[in-house]
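The values are calculated or read from the model by the stated rules, or taken from the named source; none is laboratory data. As the structure is a computational prediction, the values presented were derived from the model and not from experiment. With ideal geometry, Cβ positions are generated from the backbone for all residues, glycine too; neighbour counts draw on all protein chains shown. All accessible areas refer to the heavy atoms of the entire protein, side chains included, with ligands and DNA or RNA removed. Shrake-Rupley method; radii C 1.70, N 1.55, O 1.52, S 1.80 Å.
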Amino acid sequence: MMHMKSLAILSRSWSGPILFFLLLVRVCFVQGNPFYDFRSQSVNFARDLAGRQLFMADCGNGSMRGFMTLTPAYTQSFRGDKLAACLFGNTVNTECTPGVIRVQGSLVDRRDPLAWLADYFGLPTDFDGSLFIDPQIKTFLLDFGGYVALDNLLQGLYVWVHAPLVCTQWDLNLCERSSKGVAGYPAGYFNAIATGTEQAYRGADNNELLSCALDFLGRKQVPNLGPGASMHPLCCSRLSSADHVRKKIGVADLLATVGWNFACACDYHMGITLHLSAPVGNKPDPDFLFDPIIGSGGHWKLGAGAHMHVALWRNEQDTAELGFYLDGYGQHLFNATQKRCFDLCGKQNSRYMLAARLGQEQATPALIAPCNTGLSFQNEYAPVAFLTATQVNVSVAVEGDFVATLVHRYKGANFTLGYNYWARTCDRIYQKNRCCPLRLETERWALKGDAQMIGFEEFTNNPVRLAATESNATITTGTNLFTDTTSRANNRIDHPCAAMTEAENVVDLPNSSTETKSSNPPVLLTYSDVNFSGTQGSSNKIFAHIEYAWDWCDKLSGHLGIGGEIEFTNQDLCQDDCNVGCKKVCNGCAKPGSCEFCALNQWGLWIKGSIQFD
């Protein structure tokens, strides 16, 4: 991590952002992120400059000149394992393709230690399934651009504008293979339903539970928990299956560059640039985890850069030349209001975990001291994403592109071979309006884990609502770790306390003699538990472009070229040496802390046609 003094020094020169980005040579992914964003489709300095550098380095003759371009391009991502790791962390097995996320019930024998707990999703306790995932992004665009040299106003002055029309498809390539199992939920685990027989209660039968993990994770379905108990559906960070590919079409951004070549000669030039980008595309839709974003997600951008070239060789007839070019810029992404949902600190994929609501409303019979904390279960469940969804302000300190190219010109043809480095610093995320608190601040919620939420009076079987919480539960397991042969006495919940009513002891199941526990005090979710983490990224790219030009008349010429690129991220799938901190709360605001690395491996092709006028 760079010290603030170092950042201040770098900010004094245009090359500062590039030097800063070059430090991001190895980054590590750990936790997974409930939001995926990469650079805008309009940010591709390599494609923008290919075939244009000779003209832009021309010193001009004092008159107005320029070109208009149309560039159809196609890109497609690869290395879906890195994308999957960005989204889900180390709970997805990326050693094979496609990646696999196991989903297993709490009573499955020899559970996979990385399997998501199926009980959170309204699935049977013996459910056993797998989600196969191989994320991919495909994008086709038409980039309309124009360049005008304004030498008549100031020698070396120019304006360059362009706007890409984008059609993009984001596909998790997600499918499920599972066995529902035959079990239901025991009485008190989620609910307690009177059977009609005096003093007899049951839980949820197998036919009242969901059959597939994607029913809950993607289709907004919830189990039937009977009268009095309810579960909110997952309405944020949902998973879209292979038969529901997400697509969007639109203009990404409107971009303008004003440049000035302040030093120019036949064998070299040097210039500076000012960059402005206006958002036109869509803002992120938090409803789906992997939802297409066209453009910059609502961010206005402003930045500056520099460029230069030097002629390495030229023949005597001036029909052939080899030049070396350097171009780079950095820009700031200003605040954009977006809606996102978040994980909890230190709990990857916890947006999919289940929380239970506690409250002061007491049912009869109720707990007494020492276990009566004034709170008890209120028969309401919700995924954590339901509680952490909020409007936030998002900004990015610096995004930058650096391009180094060799350009060979021979008569009307030129060939470009180049290297591109792109990087973006971490999102800075603040809740937009602290006057509108999160739901977990206005109500009392706690992680359910695998706790029994309802106990029963030992002799009368009357249900007793507990205040059992499991703050140490994770997406993979609760803390009780029940089996078919153990009691369900809540022995490993937070601060276990023997539950009693005024009349009787409270036991774990109807007609049982095993005393159960409630939490005193229960551990509630708070604002400081929310991990307002953002993403950062960097990538390396090699590209090539070949182009041919022909004259139509004295002042008009045509150009046609084809190019390609391949881009690799610096993401490392290591799991053991990364510090995943959490944002701390100071005066009601979340300070930047943890930051996940998310970038895209992709290849691309383009055809660039242009008309040049002098």
Next item on the list: Within the set of other residues whose C-beta is less than 15 Å from the C-beta of Phe402, count the net charge using Lys and Arg as +1 and Asp and Glu as -1.
Entry: -2
Item checked: q = 0.16, 0.21, 0.25, 0.31 Å⁻¹, the stretch 218-271: log10 I(q)/I(0) [Debye, one scatterer per Cα] -> -0.77, -0.94, -1.03, -1.19
Next item on the list: Within 10 Å, count the other beta carbons around each residue, average over each peptide in 376-389, 554-567, and list them highest first.
Entry: 376-389, 554-567
Notebook entry, point to check: ³J(HN,Hα) across the stretch 106-114 via Karplus (A = 6.51, B = -1.76, C = 1.60, θ = phi - 60°), whole Hz, x for Gly/Pro?
Noted result: 5, 9, 5, 5, 6, 4, 5, x, 9
Check: Taking square-rooted eigenvalues a ≥ b ≥ c of the alpha carbon gyration tensor, is the stretch 450-566 rounded, prolate or oblate, where a/c under 1.5 means rounded and, failing that, a/b exceeding b/c means prolate?
Finding: prolate
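I need to check one value: relative contact order of the stretch 282-350, counting alpha carbon pairs closer than 8 Å and at least 6 residues apart, in percent.
Here the relative contact order equals 33 percent.
Please tell me the relative contact order of the stretch 139-265 in percent, rounded to the nearest whole number, where contacts are Cα pairs under 8 Å and at least six residues apart. Mind dumping the intermediate values first?
Working: 217 pairs, mean separation 41.3, N = 127.
In percent, rounded to a whole number, it is 33.
Once you list every other residue whose beta carbon is under 13 Å from the beta carbon of Glu380, what net charge do they have if Lys and Arg are +1 and Asp and Glu are -1?
Once all neighbours under 13 Å are counted, the net charge is +3.
Tell me the Kirkwood hydrodynamic radius of the chain in angstroms, computed as one over the mean inverse distance between distinct C-alpha pairs.
Working: mean 1/r = 0.0371 Å⁻¹.
Taking every pair of different Cα atoms in the chain, averaging 1/r and inverting gives 26.9 Å.
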Notebook entry, point to check: With Rg and the Kirkwood Rh both taken from Cα atoms, where does Rg over Rh land for the stretch 377-510?
Noted result: 1.38
Next item on the list: Evaluate 2.2 N^0.38 Å with N set to the residue count of the stretch 226-381, then give the Cα radius of gyration divided by it.
Entry: 1.94
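Hey, what's the Cα Rg ratio for the stretch 318-390 versus the globular rule of thumb, 2.2 N^0.38 Å?
Working: Rg = 27.5 Å, N = 73, 2.2 N^0.38 = 11.2 Å.
Its radius of gyration relative to the 2.2 N^0.38 Å reference: 2.45.
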Next item on the list: With no solvent and one equal point scatterer placed on each C-alpha of the stretch 28-118, evaluate the Debye formula and give log10 I(q)/I(0) for q = 0.23, 0.25, 0.26 Å⁻¹, two decimals.
Entry: -1.19, -1.28, -1.32
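How large a share of the accessible area of the chain, in percent, is made up of carbon and sulfur atoms when the probe is 1.4 Å and the other protein chains stay in place? It would help to have the intermediate numbers written out before the result.
Values: 14210 of 24630 Å².
The nonpolar share, carbon plus sulfur, comes to 58 percent.
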Item checked: Over the stretch 35-83: Rg over Rh, Cα atoms, Kirkwood Rh -> 1.16
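With only Lys, Arg, Asp and Glu charged, each at its Cβ (+1 for the first two, -1 for the last two), find how big the charge dipole of the stretch 112-177 is about the Cα centre; round to the nearest 20 debye. Show your work: numbers first, answer last.
Details: 2 positive and 9 negative charges, 86 e Å.
I would put it at about 420 debye.
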Next item on the list: Work out the P(r) tail for the stretch 91-177: percent of alpha carbon pairs separated by more than 21 Å, whole number.
Entry: 58
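Could you state the accessible area per residue of the chain in Å², with a 1.4 Å probe and every protein chain left in place? Before the final figure, lay out the partial values.
Values: 24630 Å² over 614 residues.
That works out to 40 Å² for each residue.
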Notebook entry, point to check: Taking H as built 1.01 Å from N, whose amide H comes closer than 5 Å to the amide H of Asn33, not counting residues under 5 places away?
Noted result: Leu87, Phe88, Gly89
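Run lengths n ≥ 4 of DSSP H only: what is the helix-derived mean residue ellipticity at 222 nm for the chain, with -39500 (n - 2.57) per run over all residues, to the nearest 500? Don't jump to the answer; show the numbers that get you there.
On the way: 8 runs with 46 residues, N = 614.
Rounded to the nearest 500, the figure is -1500 deg cm²/dmol.
Going through the cross-link list Lys339/Lys448; Lys138/Lys608; Lys247/Lys339; Lys220/Lys432; Lys138/Lys220, which pairs have a Cα-Cα distance over 24 Å in this structure?
Working: Lys339/Lys448 26 Å; Lys138/Lys608 19 Å; Lys247/Lys339 19 Å; Lys220/Lys432 27 Å; Lys138/Lys220 27 Å.
From the list (Lys339/Lys448; Lys138/Lys608; Lys247/Lys339; Lys220/Lys432; Lys138/Lys220), the Cα-Cα distance tops 24 Å for Lys339/Lys448; Lys220/Lys432; Lys138/Lys220.
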Margin query: Explain nothing, just the number: relative contact order of the chain, from Cα pairs under 8 Å at least 6 residues apart, as a whole percent.
Written below: 17
